[in-house]
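Structure, as structure tokens:
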């Protein structure tokens, strides 16, 4: 959960300069990242064991559940102060390193299922 807390913290800081409701944006982005993480896990499991893909209503339900859970975790409980105390004073090099890790994580969880789909269905490799 720490990685999602840190993503929330960094996105909150980014939107705090631009908008009056940064918690809504940060919570939404964390929900999207969590969904793509689940999608990547699903794609990895399907490499080993073939099973039918859930329908669009199941996917919508999962997204809604993630959004509600994140709303309670981040917006309603206002955990930003705790996150700020934990990560505010970190040195610039460490923040930059963690920022790159977040970007690489986002790219990985988005491109992994896409790459699996291309390799399996378009190229017939897998």
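Bear in mind that the values in this text are calculations on the coordinates, not laboratory data. Predicted model, so just to flag it, every value in this text is computed and none were measured. Glycine gets a Cβ as well: all are built from the backbone with ideal geometry, and neighbour counts include every protein chain shown.
Label sites at residue 58 and residue 1, each approximated as a point 7 angstrom past Cα along Cα to Cβ, lie 2.6 nm apart.
Computed from Cα positions, the angle between helix 22-48 and the longest principal axis of the chain comes to roughly 30 degrees. Here the chain was treated as a single set of alpha-carbon atoms; its pair distances binned every 5 Å from 0 give 2, 10, 17, 19, 17, 13, 9, 7, 4, 1 percent.
Taking each DSSP H run with n ≥ 4 as -39500 (n - 2.57) and averaging over every residue of the chain yields -24500 deg cm²/dmol at 222 nm.
State whether the range 35-98 is rounded, prolate or oblate according to the following rule on the C-alpha gyration tensor (a ≥ b ≥ c being the square roots of its eigenvalues): a/c under 1.5 gives rounded; otherwise a/b larger than b/c gives prolate, and the remaining case gives oblate.
Details: a/c = 4.97, a/b = 1.71, b/c = 2.91.
Judged from the Cα gyration tensor, the range 35-98 comes out oblate (a/c at least 1.5, b/c at or above a/b).
The distance linking the range 106-125 with the range 66-91 is 32 Å (Cα centroid to Cα centroid, whole angstrom). Taking the longest Cα principal axis of the chain as reference, the axis of helix 2-16 is set at about 60 degrees. Between residue 65 and residue 21, what's the calculated FRET efficiency when r is the beta-carbon distance and R0 is 30 Å? Round to 0.05. Computed FRET efficiency for residue 65 and residue 21 comes out at 0.85. Each label was represented as a point 7 Å from its Cα along the Cα-to-Cβ direction; for residue 87 and residue 51 these points are 3.2 nm apart. Relative to the dominant Cα principal axis of the chain, helix 92-117 is inclined by about 20°.
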